Amino acid sequence: MSTLLSVADAVSLYSFSDAVSTVAYCYRVCLFYLFYYTPFKCFLNATQTPRGAKYPDTLLDVYDVVVWEVNAPLCWGIEPSQILDLYASCLGERHLDIGPGTGKFLFQAVTKKVVHLKDLSLFDFNTISLFRCKKRLNVRNLSVPTLNVRLFAGDIMESDPFLNPSISGPPYEWIEPNEFDSVSANFVLHCINKNDGIPSKEALFLNVSKVLKAGGCFFGSTIVNDLDFFAGSKRGGEVMGKFNESGIFYNAKDTLPDLVAMLNKHFKDVHCDLVGGVAVFKCCGK
Ligand SMILES: C[S@@+](CC[C@H](N)C(=O)[O-])C[C@H]1O[C@@H](n2cnc3c(N)ncnc32)[C@H](O)[C@@H]1O
């Protein structure tokens, strides 16, 4: 009886404004766990290697949701549909994707959009990612049932990364110079583990220019750190800071002018648009 009375007393003392602040507090805690803590914790499962963060299967399982449905719109100010449109408009017949992750945009471009892709090469140091991607692209009912997918394992920052033969059949296939109609590196540059800005990542641009055809298209996107967007987005700035501290991102010194200068140094007809905190680029020719 006395317990019931004390509960009733507590309820009667609990004013409307107390209830509002409790709800507001719970809402903020949920946002924190959803938008900061969970995505951040997922990425802590990544193994640090001399080539950068290597995503295990468990992280790749949630990657599309965490990176593209939560972080991209809420932290970086970009919608995944904008990247899908980039892929759909740039993919050529023979394409090389550097750092494909889960292959989300390749899969969607091939299944949902009209693209002329016939031969696809995937390049990543993470073989878990390469094999997952190939499996996803080989599912039945793709609009390109004859799509040939080759896998290449290596570090795009090495001086001759394309000397490694294919790790999927047929054996002894290499990437040849001037082979591709299009090459993409989407959300890769900010993960390349060089800390001195875009100039320290020049090897990637140089390697891409070696294998792209003269009139081919190099495209992708990357989060750069010098944009007004991050001054106005506390959430984006905080998550980017945490990701840099823990070796998930290496873009603390990446700037938009450096990116544009590097693209102009190695490619022709450079287009670079800002979407939120992301530089979305497309170069037509080298
Ligand atoms: C953030 S994920 C991007 C995945 C996908 N492109 C996307 O847009 O969602 C970065 C990818 O680049 C790969 N990567 C990072 N550094 C690399 C390097 N030095 N050489 C080859 N691949 C690299 C990672 O293993 C990972 O698959």
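The values are calculated or read from the model by the stated rules, or taken from the named source; none is laboratory data. Everything numeric in this text was worked out from a predicted model, so none of it was measured. Ideal geometry is used to build each Cβ from the backbone, glycine not excepted, and the neighbour counts take in all protein chains shown.
Descriptive notes on the structure:
- Those helices (runs of 4 or more DSSP H) lying entirely in segment 173-286 with at least 1 residues crowded, with 21+ Cβ neighbours inside 10 Å and within 17 Å of the chain's Cα centre (by Cα): 202-211, 234-245, 256-266
- The single condition among (1) away from the ligand (no atom under 12 Å from the Cβ); (2) of a type outside the set (A, V, I, L, M); (3) more than 26 Å from Phe162 (Cβ to Cβ) that Pro80 does not meet is (1).
- Candidates Ser246, Ser209, filtered to the one that is modelled with pLDDT under 95 and out of contact with any Leu (no Cβ under 6 Å at 6 or more places or on another chain): Ser246
- Some residue of segment 90-105 being within 13 Å of the ligand (Cβ to nearest atom), of a type in the set (Lys, Arg), part of a helix (DSSP H, G or I) and farther than 20 Å from Met240 by Cα: yes
- Number of residues in segment 167-192 that are modelled with pLDDT under 95 and within 30 Å of Val66 (Cα to Cα) equals 2.
- Residue in segment 241-251 that is touching a residue at least 60 places away in the same chain (Cβ under 8 Å), more than 24 Å from Tyr87 (Cα to Cα) and away from the ligand (no atom under 16 Å from the Cβ) present: no
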